[in-house]
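To start, the structure under review is shown below, and the notes come after it.
Values in this text are rule-based calculations from the coordinates and carry no lab data. Please read all numbers here as calculations on a predicted model, not as lab measurements. A quick note on method: Cβ atoms are made from the backbone with ideal geometry, for glycine too, and the neighbour counts reach across all protein chains shown.
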Amino acid sequence: MYSTPSESLTDRFCRLDRQRFGAIENITDKDYYTNSYHYDVRKKVTPFQKLDFEKDYPFYASGGFIHYCEYPKMTHNLQALEAVWDYAYDRVGYLGTNAAIDRCFECGFEGEFNPTAAGFCCPDCGNTDPETCDVVKRTCGYLGNPMKRPMVHGRHEEIASRVNHI
Ligand SMILES: [Zn+2]
């Protein structure tokens, strides 16, 4: 268990443990550790279930914390986001909203780019050129562009494993 803004440790600690203990199913075999008290990124839960699970843990993560939920493109249903924000307001101190806002300037696609072994690519035209697309992921507490500043392997695997909560 760890809790740190040093997000590369999600890769490093898992790699070191796999070298020492071998590939353990659902622990070291997935190439990343889940940081801190965050709900397993692979589990399909609602934003409300995720917040209820995580809300009591920031007290123990006194070095800093963030809650976040994953969404597909939500411009057609902003009321759903408002419902989550209203629910979170009296329960958690810091909430990130991870919505699909990737954009391809080659074909005009807007939404979620596909994760690949080489990075992210446009699901419509296959574009992987960082100069003609904008890919935005929450790599730690902050949003980053993994096409312009690539992540370590384990971090990429963790983001690729995330499921939407709506
Ligand atoms: Zn495209």
Given the convex hull of the Cα atoms of the stretch 1-84, what is a quarter of its surface area in nm²? 6.7
Suppose we keep just the alpha-carbon trace of the stretch 47-166; what are its Rg and Dmax in angstrom? 15.5, 46
With runs of 4+ DSSP H residues as the only contributors, calculate the mean residue ellipticity of the chain at 222 nm using -39,500 (n - 2.57) per run, divided by the residue total and rounded to the nearest 500. -7500 deg cm²/dmol
Projected label distance in nm at Ala83 and Lys148, using a 7 Å step from Cα toward the beta-carbon: 3.5
For the stretch 97-151, average projected area of the Cα convex hull in nm²: 3.5
Below 8 Å between Cα atoms, with a sequence gap of 6+, how large is the relative contact order for the chain in percent? 27
So for the chain, if I pair up every lysine 8 or more residues apart or on another chain, how many of those pairs have alpha-carbons under 26 Å apart? 19
Which of the chymotrypsin sites (Phe, Trp or Tyr not before Pro) across the stretch 41-92 are loop residues per DSSP, with 13 or fewer other Cβ within 10 Å? Phe59, Tyr60
Mind listing the phi-derived Karplus ³J(HN,Hα) values for the stretch 66-73, rounded to whole Hz, using 6.51, -1.76 and 1.60 with θ = phi - 60°, and x for any glycine or proline? 8, 9, 8, 10, 9, 9, x, 4
